[in-house]
1. Right, A:ILE296: open to solvent by less than 30 Å² (accessible area, probe 1.4 Å) and either in contact with a Pro (Cβ under 7 Å, 6 or more places away or on another chain) or not polar (S, T, N, Q) (or both) or not?
2. Say we look at region B:180-209 and pick out the residues that are in a loop (DSSP other than H, G, I, E, B) and of a type in the set (A, V, I, L, M); which of these is farthest from B:ARG139 (Cα to Cα)?
3. Scan region A:218-252 residue by residue and report those that are touching a residue at least 40 places away in the same chain (Cβ under 8 Å) and aliphatic (A, V, I, L, M).
4. Would you mind stating whether B:ARG143 is under 24 Å from B:GLY322 (Cβ atoms), touching a residue at least 12 places away in the same chain (Cβ under 8 Å) and surrounded by fewer than 24 Cβ atoms within 10 Å (Cβ to Cβ)?
5. Determine whether A:ARG85 is open to solvent by 10 Å² or more (accessible area, probe 1.4 Å) and touching a strand residue (DSSP E or B) at 6+ places or on another chain (Cβ under 9 Å).
6. Does region B:386-400 contain any residue that is under 19 Å from B:LEU65 (Cα atoms) and in contact with a strand residue (DSSP E or B) (Cβ under 6 Å, 6 or more places away or on another chain)?
7. List every residue pair whose Cβ atoms lie under 8 Å apart, where the two residues are 6 or more positions apart in sequence or sit on different chains, the first residue falls within region B:96-111 and is over 21 Å from B:PHE457 (Cβ atoms), and the second residue, located anywhere, is crowded, with 21+ Cβ neighbours inside 10 Å and among the acidic types (Asp, Glu).
8. When the residues of region B:1-41 are filtered to those that are in a loop (DSSP other than H, G, I, E, B) and within 14 Å of chain A (Cβ to nearest Cβ), which remaining residue is most open to solvent (accessible area, probe 1.4 Å)?
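The values are calculated or read from the model by the stated rules, or taken from the named source; none is laboratory data. Bear in mind that the values here come from a model prediction, so they are computed numbers and not experimental data. Ideal geometry is used to build each Cβ from the backbone, glycine not excepted, and the neighbour counts take in all protein chains shown. We work out accessible area using only protein heavy atoms, side chains counted, and drop any ligands, DNA or RNA first. Shrake-Rupley method; radii C 1.70, N 1.55, O 1.52, S 1.80 Å.
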Number of protein chains: 2
Amino acid sequence: MRVDLLVLAPHVLTMAGDGVGYRAGVAMAVDRGRIVDLGDAAGAAERYRADETLSLPHHLVLPGLIDAHLHTGCCILRGLAQDTRHWMMYGLQPFDNAVRQEDRDTGSLLAILEAVQAGTTTLGDYGEDMEAVCAAVERIGVRGHLTQLIREVERRVYGPDELYPFTPALGRQLLDRNLSLYDRWNGRADGRIRILFGPQAADFLSEPLLQEVRRAAVERGARIHMHVQQGDRETRQIMMRYGRRPIAWLGEIGFLDEHLIAVHLTDADDREAAEVARSGAAMILCPGSIGLIDGILPPAAAFQAAGGRCGLGTDQAAGNNGTNMFNEMKAVCLFTKLKHQDPELMPAWRALRMATIENARAIGLGDQVGSLEAGKRADFIAVDLRRASMLPVHLEPMRNLVPNLVYSARGPEVVLAAVDGRVIMRDGEVAGIDREELCDRVNACARGIGERAAREFREVDGVGARFMRMGRL
Amino acid sequence: MRVDLLVLAPHVLTMAGDGVGYRAGVAMAVDRGRIVDLGDAAGAAERYRADETLSLPHHLVLPGLIDAHLHTGCCILRGLAQDTRHWMMYGLQPFDNAVRQEDRDTGSLLAILEAVQAGTTTLGDYGEDMEAVCAAVERIGVRGHLTQLIREVERRVYGPDELYPFTPALGRQLLDRNLSLYDRWNGRADGRIRILFGPQAADFLSEPLLQEVRRAAVERGARIHMHVQQGDRETRQIMMRYGRRPIAWLGEIGFLDEHLIAVHLTDADDREAAEVARSGAAMILCPGSIGLIDGILPPAAAFQAAGGRCGLGTDQAAGNNGTNMFNEMKAVCLFTKLKHQDPELMPAWRALRMATIENARAIGLGDQVGSLEAGKRADFIAVDLRRASMLPVHLEPMRNLVPNLVYSARGPEVVLAAVDGRVIMRDGEVAGIDREELCDRVNACARGIGERAAREFREVDGVGARFMRMGRL
C-alpha cells in the first residue's frame with residue numbers, strides 16, 4: 001500500500017478508548033493528512049511504500065495537544081499583571097489601553113511559537129481582530145479553532161454597581177465582523193481553520209444580540225465560545241439586570257446546550273457546574289490562569305462528575321503568563337489534589353485526556369483530532385525520551401511515561417509537532433517563524449507599549465508600581 | 001585591577017537587600033572564585049584586566065538556585081509513585097525494595113543533571129550512602145550541602161498502630177557513617193562540600209541517639225537536617241511514645257533551635273509552624289512534592305509570618321517527579337494563592353528570594369551564596385531572554401523579568417551555570433556528565449529494578465497496578 005508518510009516509534013499513546021491507548025513498536029501510516037493505519041513497526045517497510053519515513057527511535061508519540069481557550073494577542077503583555085487583586089483593572093488596564101493591533105498580532109505570533117514548541121497543534125484562539133491570526137495559522141500550518149469576540153459594551157472603567165450600558169452599534173459591528181470572518185476563513189487552509197462565534201460573556205451583550213449570535217452560530221453548525229460566570233462582576237451585572245445568576249439566566253434563555261463551549265465558570269458553585277454539564281454544553285478549564293489571577297480552581301471536578309465534557313486552556317499570558325499546555329496538565333492535577341486534600345484525585349492520565357481527546361470532544365473536533373486512530377487527521381507530537389526529565393523510562397511492571405509527561409516534562413521535551421501529517425515544528429524551530437526577527441519585534445512593541453502606558457500605570461499606582469518602587473521587580 | 005573573570009550582562013538580579021536587587025548593565029568581577037566587585041559594564045574593560053570575559057549580551061544573570069532538600073538517589077524511581085494515597089507504601093515500596101546502591105548512584109547523577117540544567121548550583125542532598133554523591137559533586141563542580149540519613153528503625157512495613165522498635169546497632173552504624181563522611185568530605189572540593197547531620201525524623205530514632213547526633217553536630221558547627229512532623233504516621237508514633245505531638249516533643253528535648261533545618265512540617269498546624277519559627281530553626285518547604293503526594297501545602301505562610309527563615313526544596317523525583325526549582329518557585333506561589341483564595345499572597349519576588357538568598361540563610365550558607373555581592377562566592381546562572389517564555393522583555397514603566405522567571409520560565413531558559421566562577425553547565429551540557437552514556441545507564445537500572453520489583457508490585461496491587469490493567473499508563 002502506498003502512503004505519503006510512515007511514522008515509526010517505539011512508544012505511542014493513541015488516547016483511543018477510555019485510557020491512554022498505549023502501544024509499543026508502532027508504524028503509523030498517513031496519507032493525504034489522515035491516519036490510515038496504526039500497525040506494528042515490525043514488517044512495516046514491507047507493508048507500505050511510503051514517500052517519506054519519519055523514524056523516531058527514542059521518542060514517545062502522542063496526539064498533538066489542544067489548547068481550547070487562549071487569547072494569543074495578550075502574550076505581548078506577559079508578566080505585567082500578576083500578584084494583584086482585580087488584575088484586569090489594576091494590573092492589565094494601563095498596558096491594555098496602550099496596545100495597538102500590530103502589537104497584538106506580534107504577541108499572537110509569540111504565543112503561537114511558545115505553544116507549538118510545547119506541543120500544541122490546535123489553538124482555540126479568541127480575539128477582537130483575528131485576521132492576522134487566521135493568516136498566521138494558515139502559513140504556519142497549525143490547526144486553528146478561532147473565535148471572534150463580540151461585545152456590546154464599550155471598553156472603559158465601570159464602577160462596581162454601575163450597570164453596563166449597551167452600545168448596539170458596537171455589538172452589530174462585531175457580529176458583522178464575526179460573520180465576515182466566518183465567510184472568509186471557515187474551512188480554509190485545507191480545513192484546518194474553523195471559525196466560532198464569540199459573545200464575550202452574558203453581561204457584555206443584550207439578550208437580543210445574544211440570541212442573534214446564537215442563531216447565526218446554530219444556522220451554520222458552528223460553536224458558541226463564551227466566558228461563563230467568570231467572576232463576581234459578571235454575576236452582579238446579571239443579577240442587577242435579570243435577577244438571576246448567569247448560569248441560571250443563560251439556561252432560561254436557551255443558551256445552555258451542546259452548541260456552547262463555556263469557559264472558566266470561576267464564580268460557579270458545584271451545583272451550577274453540574275447544571276451546565278447536564279445541559280450538554282462543554283466546559284473549558286484554565287487552571288493556571290484562574291489560579292494565578294484569582295486564587296481559585298473552578299468547579300471542573302463537579303462538572304466532570306455530572307458527566308460533562310471538560311477540556312483545558314491556557315487563557316492568556318498576561319495573566320497565566322504562558323501558553324504551555326504542560327503547565328495546565330500539571331496544574332489541574334495538583335490544584336485538584338490540593339483543593340480536596342486527596343492525592344488520588346485527577347491522576348495524570350485524566351489530565352492527558354483533558355489536553356487531547358476530551359478537549360477535542362469538548363470543542364467539537366472529536367471526530368477529527370485528539371487521538372491517533374485510523375480516519376483521523378494526523379496531528380501528532382514526539383517527545384524525546386532521552387531528556388533528563390523523561391528518564392528513566394520504566395516499562396515493566398509499571399510504565400512511567402504518562403506520569404513523567406504530566407508531572408515532570410516542561411515542554412521542551414517535545415521535539416517535533418505535525419499537523420495533517422506535515423511537520424510544523426522540529427527542535428524548537430517553527431515553520432514560518434523567524435525567531436530572531438520575532439524576538440526583536442516583540443521587544444520593540446514592548447518599548448512602545450511601555451512609553452504609551454507609563455502615565456496611566458503611575459496614576460493607577462497598583463501592585464506593579466509599588467513593587468517597582470520597592471525594588472521587587 | 002587584575003581578576004580571573006569578568007561577567008558582562010545587561011540585566012542582573014543581585015538579590016541583595018530586601019527585594020531582588022535589580023541592576024542594569026553590570027560588570028561582575030570574579031577572582032579566586034569570589035565576587036570582588038559589581039560595577040557598571042560601561043568602562044569595565046578599562047578598570048579590570050580579566051583573564052577571561054564572559055559576555056552575556058541578551059541574558060539575565062542571577063544567583064544560582066539553591067535546592068535545600070532533595071533525595072537525588074530516588075530519581076531512578078521517577079514517575080512510579082504518584083496519584084496514590086500512602087504513596088510510600090503502596091507506590092514506592094515495591095520499587096524501593098528492589099533498588100541497589102548503584103541504581104541510587106545512577107539516579108543521583110540524573111537528578112544532578114536535571115537540577116543543574118535548570119539552574120540549581122547548590123544541592124541539599126540527603127541519603128543513606130553519600131560517597132558517590134560526594135565524588136560526583138567534587139567532579140561536576142556543583143556545591144553540595146550533603147546529609148547522611150540516620151535511622152534506628154529497620155526498613156519494613158509496620159502496621160498503623162505498631163510502635164517502631166529501635167535497633168541501636170543500626171543507628172550507631174549510620175551515625176558512625178555520618179561522622180566518617182564528615183571527617184572525609186566536609187570542606188573538601190575547595191570548600192564546596194559541607195556535611196550535615198541527618199536524623200531521618202523524630203520517630204525513627206530513640207531520644208538518646210537523637211541527642212547524640214545533636215551533640216555531634218553542634219560540636220562541629222554543623223547543621224541538623226531533619227524531616228519534622230512530616231505526616232500523621234510520625235505524629236502517631238510520637239504520641240504513642242511520648243504523649244506529645246512531634247514539634248512539642250522536639251521543643252521539650254531541646255531540638256528546636258538555630259542548628260535545626262526542619263523539612264516539610266506537613267502535619268503541623270499554623271501554631272506549631274510559628275513555634276518552630278520562633279525557636280530559630282529554619283523550615284524547608286517542598287511544595288511540589290507534598291502537593292503531589294499528600295494534596296497538602298504545609299504551613300509555610302504561618303512560619304514566615306512568625307519571622308522564620310523558610311527555603312525551598314524539590315524533595316524527590318519518585319514523588320514530586322522532578323528536581324527543577326522552577327517548578328517549586330511557581331508551585332509555592334500558586335498553591336499559596338489557592339489555599340487562601342488571594343492572588344496577592346506569595347508574589348513572584350518572594351518565591352525567587354526563597355529559592356536564592358532566603359534559602360541560603362535557611363541552611364546556613366547566607367554568608368557564602370544566595371546573592372551576588374562582593375565577598376560572596378561567584379555562584380550564578382544566566383537566563384536567555386530571547387527564549388519565547390521570557391518574551392517580551394518589558395523594562396519601563398514595569399519590569400516583567402521576575403514574574404516571567406517565576407511564572408513562565410520552565411528551566412531550559414537557563415543556558416549557563418557557574419559555581420565559584422567556574423562554568424559547570426552551558427546549553428544543557430553539564431561538565432563531567434556524558435548525557436548519552438548516562439541515559440543508557442539509567443534505563444538499564446530501570447530494567448533491573450522492574451524485574452526485581454515485579455512480584456511485590458503485583459502483590460501490593462496498588463493504584464499503579466490497577467492503572468496498568470485499565471490501560472491508563
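1. no
2. Among residues in region B:180-209 that are in a loop (DSSP other than H, G, I, E, B) and of a type in the set (A, V, I, L, M), the one farthest from B:ARG139 (Cα to Cα) is B:LEU205.
3. Selection gives A:VAL218, A:ALA222, A:VAL228, A:MET240, A:LEU250.
4. no
5. Working: open to solvent by 10 Å² or more (accessible area, probe 1.4 Å): yes; touching a strand residue (DSSP E or B) at 6+ places or on another chain (Cβ under 9 Å): no.
For A:ARG85, the condition - open to solvent by 10 Å² or more (accessible area, probe 1.4 Å) and touching a strand residue (DSSP E or B) at 6+ places or on another chain (Cβ under 9 Å) - is not met.
6. No; the residues of region B:386-400 include none that is under 19 Å from B:LEU65 (Cα atoms) and in contact with a strand residue (DSSP E or B) (Cβ under 6 Å, 6 or more places away or on another chain).
7. Partner pairs satisfying both residue conditions: B:SER108/B:ASP125.
8. Taking the candidates together, the pick is B:ASP18.
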